[in-house]
Every structure is written in C-alpha cells, then in structure tokens.
Amino acid sequence: MTRRLNFLILASIFSLPLFILPALSFADWTPLIERLTADNFDEQVIRKIFDRPGVNFDPSAMSCKLKELINKRYKKQDAVSARKVRAAYGRFLRPEVIAEAQSYLQRNRDTLQGITENYCVPKEIVVSILLVETGLGRHLGDRGAFNTLASMALSSDLETIRPYLAPDLVTLRSEEFAKKRCRQKAEWAYGELKALIRYAADNGIDPLSIPGSLYGAIGICQFMPTKISVYGVDADRDGRVNIFAEPDALYSMANYLRSHGWRCDMSAKKQHRVILAYNHSKIYADTVLTVAKKLKE
C-alpha cells in the first residue's frame, strides 16, 4: 500500500526531479495492449482506453521506486533524511490534527463501532490509519492510477528508465540488481493494472478518472487494486465495494488488518507487527499507534 505521504517523503529525501520531469505524451503501448488482450481483456475496449489523450507515459513512479530500492540496498540513510521522515510523520501528532481526527471519530462512531464488533479493530486504530494514509479521506493522490501503473508495467527494461535516474545511481555494483528489480516491479504493476481495469469496469468508473498515490494505491484506505477483490467489504450492501466512500473503505481496512493477524486484546508489539503489514515502515506503524493512543486518551 503506497501513499501520497510516501511520495512527498521520498521526493524530498531522494531529491528526485519528479516535479520537473514531464510525462511523455507518446509511448508505444502496443506490447501492453497485446498482453492485456492475451489475458482476455476486450481488445477494442483496451485500445480505446490507450488511444485517449489522457493516457501518457510517466517515468516518475518507476524512477522513484528504483532509487528507493537501490539506496536501501547500497546506501545508508543520512541524518538529514531521517529528520525529514520524522518531521513528515510528526505533523500527525499536532494537537489540532489530533482534534480533527477525534471529531471524525465522533461523526462516524456508529460505523466504527460496527467495525470493532465485527473485526476487533479499535475505532482509534482505524481513524489513525485513515489520518496517516489520506488525511481522513481528503488526499487521494495527485496523479492518475492508470497512467502510473501502465507506465510502470511498460518499464520492464532498465534502459527505459535510465534517462530519468541520477547519473551516479546505477553503478557497476548495482546494475544487475537494478535490472532485476525493474523487471519485478514492472510485472507487479502489470498485475495491479489488470485489477484496476477490472475494478473500474465492475463499478462503472472511467479508469482514467481514478486518482492514485505515487505507486497506484487508490481509495480513502489506499488499497492497491489487487487487494480490493481479496479484502474489500460491501459494508453498505449496495452490491459493490466502493473504497472511495464510507463505510466500505473503513470495513475493508479492518478486514485487511484482521486477515493479517489482528486479534482482540493484542499487545502493542503484536499490533505494531500487524500495522507493518499495511505499510512496511516502522515509523509509520509507530505513528499510527501513537495517534491511536492520543485519540483514546
């Protein structure tokens, strides 16, 4: 599950020129169209989507992901970067932000109580995750999820992305690793793209209208598209899972946590471990638990 906050943190830490790299207006989408068609998507429908003016190749997601992976494997995070991360998450602990989250909790108490009864996930945990993920549902991502995932899926070859990387990032030492991870992430993105197209079709949504995070997470709970069919809950029983609205998104979030080990009366250590399954960041999990504690107090 990747997020708008993660994008801001990574962009500031790694100084990627994401804001000055224009999305390319042209790309040869033929390999992707042919692959989707071979996977039983309607060729005419898929071609119409890729022929639309809003479909552009955007290298920033794969560029950012590769830089993150390479730096994590070969470089240690410096003190300045660590301070930036702490500051980014620290804003969720401000009194005015906690007060806003408390107000949200009160407004949605009935829905949250139902979640606690069904999944044993405390309402404070649900609201805390929602706060950190999307600012209580206000920030759903500043890019199109379709463009992000299609661009990543098309970028299995490192040479496609190399022009958008810092010249000294990929070295002789890291090149094979970079090539391998580029292929893996492109394959991952292709699976997410298929799930996104299916989700849009099932819900009567224009796939190009769906906002997403840096790596294509969508909805107020910031699910990757493949997670919706597995963990999505039709809480309002209208026949579809709408992760852009309550209560479906909140129930889906709780279902995800429950499926990854959340149980009643868990220790803080075990809670931390489950929250890490939602976002693989220690400071993320620490922040969620701290915000939840403040809400409970």
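Annotations
- Single residue of Leu250, Leu214 found to be out of contact with any strand residue (DSSP E or B) (no Cβ under 6 Å at 6 or more places or on another chain), modelled with pLDDT of 95 or more and farther than 25 Å from Lys48 by Cβ: Leu250
- Wholly within region 32-103, helices (runs of 4 or more DSSP H) carrying at least 3 residues that are of a type outside the set (A, V, I, L, M, F, W, C) and surrounded by 13 or more Cβ atoms within 10 Å (Cβ to Cβ): 60-74, 79-90
- Per-region count, region 133-142, residues crowded, with 20+ Cβ neighbours inside 10 Å and closer than 18 Å to Cys64 by Cβ: 1
Let's see how each residue does on (1) under 22 Å from Arg47 (Cα atoms); (2) touching a strand residue (DSSP E or B) at 6+ places or on another chain (Cβ under 6 Å); (3) of a type outside the set (Ser, Thr, Tyr); (4) in a loop (DSSP other than H, G, I, E, B):
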site	(1), (2), (3), (4)
Asp168	no, no, yes, yes
Arg173	no, no, yes, yes
Trp188	yes, no, yes, no
Gly191	yes, no, yes, no
Lys194	yes, no, yes, no
Tyr199	yes, no, no, no
Ala235	no, no, yes, yes
Arg240	no, no, yes, yes
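- Within region 147-166, the residues that satisfy the criterion of being crowded, with 17+ Cβ neighbours inside 10 Å and outside any helix (DSSP H, G or I) are Leu154, Ser155, Ser156, Leu165.
- Residue, surrounded by the most Cβ atoms within 10 Å (Cβ to Cβ), within region 184-238, restricted to residues that are of a type in the set (D, E, K, R) and within 19 Å of Leu250 (Cβ to Cβ): Lys227
- Taken together, Ala150, Ala195, Ala245 contain a single residue that is within 28 Å of Thr37 (Cα to Cα) and out of contact with any Lys or Arg (no Cβ under 9 Å at 6 or more places or on another chain), which is Ala150.
- Checking Ala153 against (1) free of Cβ contacts under 8 Å to residues at least 40 places away in the same chain; (2) touching a Phe, Trp or Tyr at 6+ places or on another chain (Cβ under 6 Å), the condition it does not meet: (1)
- Just one of the numbered conditions (1) hydroxyl-bearing (Ser, Thr, Tyr); (2) over 28 Å from Asp157 (Cα atoms); (3) over 16 Å from the mean Cα position of the chain (by Cα) is not true of Tyr231: (3).
- Evaluation of Gly141 against the conditions (1) of a type outside the set (Val, Ile, Thr); (2) out of contact with any strand residue (DSSP E or B) (no Cβ under 7 Å at 6 or more places or on another chain); (3) at positive phi shows that the sole unmet condition is (2).
- From the list Arg83, Arg183, Arg107, the lone residue that is more than 16 Å from the chain's Cα centre (by Cα), charged (D, E, K, R), modelled with pLDDT of 95 or more and more than 23 Å from Lys296 (Cα to Cα) is Arg183.
- Condition met for Gly114 (under 22 Å from the mean Cα position of the chain (by Cα), surrounded by fewer than 21 Cβ atoms within 10 Å (Cβ to Cβ) and over 30 Å from Ala166 (Cα atoms)): no
- Residues of region 227-255 satisfying the condition of being over 19 Å from Ile129 (Cβ atoms) and of a type in the set (S, T, N, Q): Ser229
- Per-region count, region 258-280, residues in contact (Cβ under 8 Å) with a residue 24 or more places away in the chain and under 16 Å from the mean Cα position of the chain (by Cα): 3
- Filter result for Lys296 (touching a residue at least 24 places away in the same chain (Cβ under 8 Å), surrounded by fewer than 18 Cβ atoms within 10 Å (Cβ to Cβ) and either closer than 20 Å to Val132 by Cα or small (Gly, Ala, Ser) (or both)): yes
- Meets criteria (part of a helix (DSSP H, G or I), of a type in the set (Asp, Glu) and buried (at least 22 other Cβ atoms within 10 Å of the Cβ)) for Glu124: yes
- Selection within region 98-122 - without any contact (Cβ under 8 Å) to a residue 24 or more places away in the chain and under 14 Å from Val291 (Cα atoms): Ala99, Ser103
The values are calculated or read from the model by the stated rules, or taken from the named source; none is laboratory data. Treat the numbers as computed from the prediction; the structure is a model and nothing was measured. Cβ sites come from the backbone with ideal geometry, for glycine too, and all protein chains shown count toward neighbours.
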